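All remarks here apply to the structure that follows.
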Amino acid sequence: MIDSVETSRRRMLGYAVRWAGLLAGAALAWPAGTLGPRLGTGFLTGITAFCVCAMAGVLAADGLRAGPQGAVRRATLTPRRVRDQLPRRTTGLLTVQAALLVALLAGAWAAGSPDDAGRAGRALTVACAEYTLTRGPWPGAYYGLPLLGLLVAGTVLCAWTLRRIVLTAATDTEGLRHRARTVIAAWGLSVTAPLAGTALLMSSATRAADCLGAPAHALAWTLLPVALLAVVSAAWCVANLVPRGPRR
């Protein structure tokens, strides 16, 4: 009876810690965004701060969970692997979007040019027959460098958190998969939100340059469904960040 009460108390506390992580992330997102450079780069910092706090909440709550109680312990000879606890289709889709984000940033970096203030890669300059057109903002080096750095850091943190909670979890397989899905959702939000913005910026600037021709404009139009997919995926991520009520 005492063990059951203690387990229930730990679950309730873990649930509260999960919410505390989300609320702390929401509270830090705005000041973290305003502390960084202007012109939209602060948004990347704010999103990353929120996702880091969400992962930290899951990790802290996992540490509060009670292991098997009593003298009898259960063990399994099956190796516990991180990939077995992940939502495979969603993880695959988010991974594809991460690769697509890197590809878009690489292309934008190569095509970018300085803006009127000399900020590298923040504009798209096109030399037409009778004039030169400059459009911005453009997700070149000015945005791409910090974004790639944050993406790498977020991916490393996600992998470490997943490994930590999977290898130290008890026998609660259903709860473990839920926590792993939450960590993936936090990482996915740090991918999908920037992907939506990058695709929209590239599409808008490219479609405004009439002299680029039909192939470039066709590519620009295909970026709109990419942005829509990223928005829908971001909504899934946000929905799965909400802590599930503690089970009795």
Legend entry - One residue from Ala239, Ala227, Ala193 being of a type in the set (Gly, Ala, Ser), within 12 Å of the chain's Cα centre (by Cα) and part of a helix (DSSP H, G or I): Ala193
Legend entry - Residue that is farthest from Arg88 (Cα to Cα) [pool: residues in the range 188-214 that are crowded, with 18+ Cβ neighbours inside 10 Å and without any contact (Cβ under 8 Å) to a residue 40 or more places away in the chain]: Ser203
Inset, instruction - Report yes if some residue within the range 226-246 is aliphatic (A, V, I, L, M) and within 20 Å of Arg122 (Cα to Cα); otherwise report no. - result: yes
Inset, instruction - Could you tell me whether any residue of the range 37-48 is modelled with pLDDT of 70 or more and touching a Lys or Arg at 6+ places or on another chain (Cβ under 8 Å)? - result: no
Inset, instruction - Count, please, the residues in the range 122-159 that happen to be modelled with pLDDT under 80 and surrounded by 21 or more Cβ atoms within 10 Å (Cβ to Cβ). - result: 1
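For the range 104-121, how many residues are at positive phi and surrounded by 15 or more Cβ atoms within 10 Å (Cβ to Cβ)?
The qualifying residues number 1.
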Inset, instruction - Search the range 120-132 for residues that are under 19 Å from Ser204 (Cα atoms) and pair each with any residue that is charged (D, E, K, R) and part of a strand (DSSP E or B) when their beta-carbon atoms are under 9 Å apart and the residues are at least 6 apart or on different chains. - result: Ala123/Arg135; Leu124/Arg135; Thr125/Arg135; Val126/Arg135
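Would you mind stating whether Val191 is under 19 Å from Gly46 (Cβ atoms) and of a type in the set (Val, Ile, Thr)? Even if it seems obvious, please write down each step before you answer.
Values: under 19 Å from Gly46 (Cβ atoms): yes; of a type in the set (Val, Ile, Thr): yes.
Taking the combined requirement at face value, the residue satisfies it.
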Legend entry - Unique match (being closer than 28 Å to Ser113 by Cβ and among the aliphatic types (A, V, I, L, M)) among Val232, Val242, Val191: Val191
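Would you check if there is a residue in the range 215-223 being of a type in the set (Gly, Ala, Ser), exposed (fewer than 13 other Cβ atoms within 10 Å of the Cβ), over 24 Å from Gly46 (Cβ atoms) and without any contact (Cβ under 8 Å) to a residue 60 or more places away in the chain? Quick ask: steps written out before the conclusion?
Going residue by residue through the range 215-223, those that are of a type in the set (Gly, Ala, Ser) are 216, 218, 220.
Filter once more, so that each one left must be exposed (fewer than 13 other Cβ atoms within 10 Å of the Cβ): 218.
With over 24 Å from Gly46 (Cβ atoms) added as a condition, the list becomes 218.
Pick out the ones that are also without any contact (Cβ under 8 Å) to a residue 60 or more places away in the chain and you get 218.
Scanning the range 215-223 turns up at least one residue that is of a type in the set (Gly, Ala, Ser), exposed (fewer than 13 other Cβ atoms within 10 Å of the Cβ), over 24 Å from Gly46 (Cβ atoms) and without any contact (Cβ under 8 Å) to a residue 60 or more places away in the chain.
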Inset, instruction - Give the residues of the range 186-223 that are under 21 Å from Leu133 (Cα atoms) and β-branched (Val, Ile, Thr), sorted by residue number. - result: Thr198, Thr206
Legend entry - Residue within the range 210-219 that is modelled with pLDDT of 85 or more and over 30 Å from Arg81 (Cα atoms) present: yes
Legend entry - Total residues in the range 83-99, condition modelled with pLDDT of 90 or more and crowded, with 19+ Cβ neighbours inside 10 Å: 3
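The values are calculated or read from the model by the stated rules, or taken from the named source; none is laboratory data. Note that this is a predicted model, so its numbers are computed, not measured. Reconstructed Cβ throughout: ideal geometry from the backbone, glycine too, with neighbour counts over all protein chains shown.
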